[in-house]
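Input: a single structure, listed below in structure tokens.
The values are calculated or read from the model by the stated rules, or taken from the named source; none is laboratory data. What you see is a predicted model, and the numbers here were worked out from it, not measured in a lab. FYI the Cβ positions are ideal-geometry reconstructions off the backbone, even for glycines, and counts take in every protein chain you see. Just the protein is used for accessible areas: all its heavy atoms, side chains included, with ligands, DNA and RNA removed. Shrake-Rupley method; radii C 1.70, N 1.55, O 1.52, S 1.80 Å.
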Amino acid sequence: HVNDLLYQNAISIGDALDLKNMDYLTIDCKVVSLDTSRITVVYQGEYYVKQGAYPVQTFYTNTVDLNQVKSLGINDYSDAYTMAGYLMSDDVRFVSAEPESTSALWDYRSSQSIDYFTDLLNKADFPFKNEDTSIFPESFSYLSNSTLYFSIPVPHALGDYAIVSYPMDGK
């Protein structure tokens, strides 16, 4: 059932993070789109590891095909290599980033490779791509209003994750 799939994916972060080692974990859930064929949910929050120096920001998403009762991911909308290329290009757009943080995000992004981002995006989203299901994906994506959004992990000083937007109009 759809509700069971959404529930299991929503709480899977607790298993991946091992709640016994947490001081707290808070997650807010928002349905960003719903129609007769899909539901897309975005989860944002933070957690604090016992004896940690600071809370860690977290972001994940779940898009479920309501007819097939299965999770959809970035490769259902595009392909990881193309999105990695976009991320490495001068056209990349970071969502909700101030100009100074955009510059820092560009610098961070430039310190990585297209192969790193291709691998990251190939392992994105639910269902888990790693055989070890305790390894939570580091990247998540969703489609909204003809724009593909996907997250990438970044250093804590840059916010722990950044969200990239890719306009799908005419693609």
- In deg cm²/dmol, rounded to the nearest 500, the helical mean residue ellipticity at 222 nm of the chain, built from -39500 (n - 2.57) for every DSSP H run of length 4 or more, is -8500 deg cm²/dmol
- Any chance you could look up the accessible area of D160 with a 1.4 Å probe, heavy atoms only, rounded to 10 Å²? 20 Å²
- Measure off, as a whole percent, the carbon and sulfur share of the 1.4 Å-probe accessible area of region 1-67, all protein chains present. 49 percent
- Item | Rounded FRET efficiency, nearest 0.05, which uses the C-beta distance separating T82 from Y7 and R0 of 41 Å | 0.80
- Query: If ligands, DNA and RNA are left out, what is the accessible area of S110 with a 1.4 Å probe, given in Å² to the nearest 10?
  - Reply: 70 Å²
- Ranked order, F128, F140 - accessible area, probe 1.4 Å, largest first: F128, F140
- Note on the structure: If R0 = 22 Å, then K70 and E138, at their Cβ-Cβ distance, give a FRET efficiency to the nearest 0.05 of 0.55
- Computed accessible area, E98, all protein chains, 1.4 angstrom probe, square angstrom: 110 Å²
- Item | In region 1-50, the trypsin sites (Lys or Arg not before Pro) that fall in loop regions by DSSP, at most 16 other Cβ within 10 Å | K50
- Query: Is the chain best put as rounded, prolate or oblate by its Cα gyration tensor, with a ≥ b ≥ c the root eigenvalues, rounded for a/c under 1.5, and otherwise prolate when a/b is larger than b/c, oblate when not?
  - Reply: oblate
- Item | D65, D23, D79, D28, reordered so the largest accessible area comes first (probe 1.4 Å) | D28, D23, D79, D65
- Query: Which of T36, T147, T102 moves most in a GNM of the chain, Cα contacts under 10 Å?
  - Reply: T36
